[in-house]
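Have a look at the structure below, then the notes.
Each reported figure results from applying straightforward, stated rules to the coordinates on display, with no laboratory input. Computed from a predicted model, the values in this text were never measured in an experiment. With ideal geometry, Cβ positions are generated from the backbone for all residues, glycine too; neighbour counts draw on all protein chains shown.
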Amino acid sequence: MEKSIFKRKLRLKIGNKIFGGFLILIVLFIVNAAIIFGTGNKIDSVVKNSSESITPSKDAINDLILMVTQSKMLITNWVYLQTNSDDKLALRQIKDFDFPALKERVTKLMPIWQDSQRRTMDTVFQNFDVMMKQADENVINKLVTFENYEDPLTKLLAEDVIESQIIPQASDMIKKLNKIAEKQRAITEKSDLELIDSTSQLRNITLILGLITVSLGLLSAYMMVRSITGPINYIKDVVVKLGRGELVEDKKKQFSNDEIGEMAVATDNLVTGLKATTSFAENIGSGKYDSDYQPLSEHDVLGNALLNMRSNLSRVAEEDKKRNWATEGQAKFGEILRTNNNDVQKLSDEIIANLVKYLKANQGALYIID
């Protein structure tokens, strides 16, 4: 009883199975899309951080290193190359325009840097301003005319500023900037590794979820085909044979607990019932009217008709048996009366003897009234 209740609770219709299979695929698709979307956002974040912060920071630091180097070279050229007006214009361009623009660009990137990097960069800016101020005071404003270059003391003081202040300050700034650049390179490498890992993770997740989706899809299709085509093929075979008047062998099969399974079970019960009906009809034909038979249901037209036929045939056979018994008895006793009508004693003995045997009685007596 508990087992049948449990089966009824677990009963799944064909529509529920199909809906369940598609629901599983939809859930897997949603999970796949969510994971891919999340990983894609992570990749976008890494790419955005790299393009908006890490790479510009690295480029800006390299540009600043180059600018410090160029400034040192141009200041030196100002002292030793009197007629090189291009270098002088380039130095003024750096001092008045290029450095302020680069400083503004770096300053916008500095909030995302580490505290130590920001402090070092602030020091570099201060040192650069100091270096350019010293270059202004001791080189650019002192060495203006031909006479200034011909003045040994003025030129000597300018050369001393180059050797004792400009070059050491530039070297110190480049050293500090190289440290910042090294950290930025490490951050860039880390960002690149994160991007590579995220891309590889996205590829692996997509592949794994794709394989899982395909596997579950194939498994669901196999289970669906197995639960549908098996019973349908069985029903088809039974119906085809019944259409030819044949009865299939009685094989106990396990069918799915759905509409098609119910059809297969009903067909199996029909075959079993037809076999019982056939056997019952053969027994009736052989005169075995006491054979047991149970109709398939109260609405079993063929089974109930056979039961009625058995009752009618049994009643007719019983009536025929009684008529035959009476007819046979009349003929037998008529023969006795005809052959022994001359001797009453012998006639009486023959009648009572045959009457006891015919009636299957224990004893009998015949009384004659004088």
_For region 76-117, average projected area of the Cα convex hull in nm²_ = 3.9
*Any chance you could check the Cα centroid distance between region 194-235 and region 55-134 for me, in angstrom?*
60
*Two decimals is fine: what's Rg over Rh for region 95-229, C-alpha atoms, Kirkwood radius as Rh?*
1.51
_If N is the number of residues in region 297-370, what value comes out of its Cα radius of gyration divided by 2.2 N^0.38 Å?_
1.85
*asked:* Greater than 27 Å separation of Cα atoms is the criterion. Which listed pairs, K142/K176; K321/K360; K108/K190, meet it?
replied: K142/K176
*asked:* For q values of 0.11 Å⁻¹, compute log₁₀ I(q)/I(0) with the Debye formula on a Cα-only model of region 55-141, without solvent.
replied: -0.33
*Have a look at I65, T154, N41 and report the one farthest towards the positive end of the charge dipole of region 39-167, computed about the Cα centre with Cβ charges (Lys/Arg +1, Asp/Glu -1).*
N41
